[in-house]
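The values are calculated or read from the model by the stated rules, or taken from the named source; none is laboratory data. Keep in mind that what you see is a predicted model, and the values were worked out from it rather than measured. In this analysis, Cβ positions are derived from the backbone assuming ideal geometry, glycine residues included, and neighbour counts consider all displayed protein chains. Surface areas here come from the heavy atoms of the whole protein model, side chains and all, with no ligands, DNA or RNA. Shrake-Rupley method; radii C 1.70, N 1.55, O 1.52, S 1.80 Å.
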Amino acid sequence: KAGVTQTPRYLIKTRGQQVTLSCSPISGHRSVSWYQQTPGQGLQFLFEYFSETQRNKGNFPGRFSGRQFSNSRSEMNVSTLELGDSALYLCASSLGTDSSYNEQFFGPGTRLTVL
Amino acid sequence: AQSVTQLGSHVSVSEGALVLLRCNYSSSVPPYLFWYVQYPNQGLQLLLKYTTGATLVKGINGFEAEFKKSETSFHLTKPSAHMSDAAEYFCAVRGNTPLVFGKGTRLSVIA
């Protein structure tokens, strides 16, 4: 069974631009979560989606948004990029209605560099 | 609210020596606890998890962890380190909020 895939793997943008990252969960998984990983702040939770509905949102500004499609694929968007948005963005999928009871499987991440 | 503290951002051990990575948590509800490993340029892989039941949890690659409620700890151990264990390790807790991760501990294994 294919794992979680994230595209693109690497991305370079300039300040003020916007970016869209994509995540395809493991087949049959309906829950998708996004995390931002930086050397200074570590791993921080961004969003969690289940069946196209956002279930939880982390403490990030409104420039960060996401959505989930009917096939469980998910995208996240960052508008008006800032230098501090440079990070590894990780997507994780899990099976059920409450991912605390189900293992989250992580993708390899998208490394975003903002110049 | 939940929080995780990993003691030691970098731990070095000799090959064949005991690995001990420390994790203390705070949770207002009974927690679910996890250890993840991250190799360079890769995502996170689950090593083991504690949900309910037996407090000594065995994971992959010979790792295990013990949930000690009285000490609010979930330390990760492996009896004998291997070169392939060199990676970054993250402890995480989930209670009534999404996963909260510790800052991570980088494990170096010296030949």
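The one condition from (1) within 14 Å of chain A (Cβ to nearest Cβ); (2) buried (at least 21 other Cβ atoms within 10 Å of the Cβ); (3) modelled with pLDDT of 95 or more that B:Ala81 does not meet is (1).
Filtered by the rule that a residue be small (Gly, Ala, Ser) and surrounded by fewer than 14 Cβ atoms within 10 Å (Cβ to Cβ), region A:28-45 gives A:Gly28, A:Gly40.
Entry remark, region B:94-111: residues being within 14 Å of the chain's Cα centre (by Cα) and facing chain A (nearest Cβ under 7 Å) number 5 in total.
Give region B:15-30 a look and list any residue that's at pLDDT below 95 and loosely packed, with under 13 Cβ neighbours inside 10 Å, or say none. Listed by number, the residues that qualify are B:Ser28, B:Val29, B:Pro30.
When you scan region A:97-109, do you find a residue that is more than 26 Å from B:Pro30 (Cα to Cα) and among the acidic types (Asp, Glu), even just one? No, region A:97-109 contains no residue that is more than 26 Å from B:Pro30 (Cα to Cα) and among the acidic types (Asp, Glu).
For every residue, the table says whether it meets (1) in contact (Cβ under 8 Å) with a residue 60 or more places away in the chain; (2) in contact with a strand residue (DSSP E or B) (Cβ under 7 Å, 6 or more places away or on another chain); (3) farther than 23 Å from A:His29 by Cβ.
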residue: A:Glu52; (1), (2), (3): no, yes, no
residue: A:Asn59; (1), (2), (3): no, no, yes
residue: A:Ser74; (1), (2), (3): no, yes, no
residue: A:Leu81; (1), (2), (3): yes, yes, yes
residue: A:Leu88; (1), (2), (3): no, yes, no
residue: A:Asn102; (1), (2), (3): yes, yes, no
residue: A:Phe105; (1), (2), (3): yes, yes, no
residue: A:Gly109; (1), (2), (3): yes, yes, no
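If you go through region A:64-81 one residue at a time, do you hit one that is open to solvent by 10 Å² or more (accessible area, probe 1.4 Å) and within 19 Å of B:Thr97 (Cβ to Cβ)? Taking every residue of region A:64-81 in turn, at least one turns out to be open to solvent by 10 Å² or more (accessible area, probe 1.4 Å) and within 19 Å of B:Thr97 (Cβ to Cβ). Against the test of being within 14 Å of another protein chain (Cβ to nearest Cβ) and modelled with pLDDT of 95 or more, the options B:Phe63, B:Phe90 yield a single qualifying residue, B:Phe90. Annotation: of all residues in region A:1-37 being modelled with pLDDT under 95 and charged (D, E, K, R), the one that is farthest from A:Asn71 (Cα to Cα) is A:Lys1.
What do you reckon, is A:Glu48 open to solvent by 30 Å² or more (accessible area, probe 1.4 Å), within 14 Å of chain B (Cβ to nearest Cβ), among the acidic types (Asp, Glu) and closer than 24 Å to B:Gly102 by Cα? No: the conditions fail for A:Glu48.
Taking the conditions exactly as written (touching a residue at least 60 places away in the same chain (Cβ under 8 Å) and closer than 21 Å to A:Asn102 by Cα), does A:Pro8 satisfy them or not? So A:Pro8 does not fit the description; no.
Can you spot a residue in region B:6-13 that is open to solvent by 60 Å² or more (accessible area, probe 1.4 Å), among the small types (Gly, Ala, Ser) and in contact (Cβ under 8 Å) with a residue 12 or more places away in the chain? Yes, because at least one residue in region B:6-13 is open to solvent by 60 Å² or more (accessible area, probe 1.4 Å), among the small types (Gly, Ala, Ser) and in contact (Cβ under 8 Å) with a residue 12 or more places away in the chain.
Give the residue that is farthest from the other protein chains (Cβ to nearest Cβ), with candidates limited to residues of region A:82-113 that are open to solvent by 10 Å² or more (accessible area, probe 1.4 Å) and of a type in the set (A, V, I, L, M, F, W, C). In this case the residue turns out to be A:Leu83.
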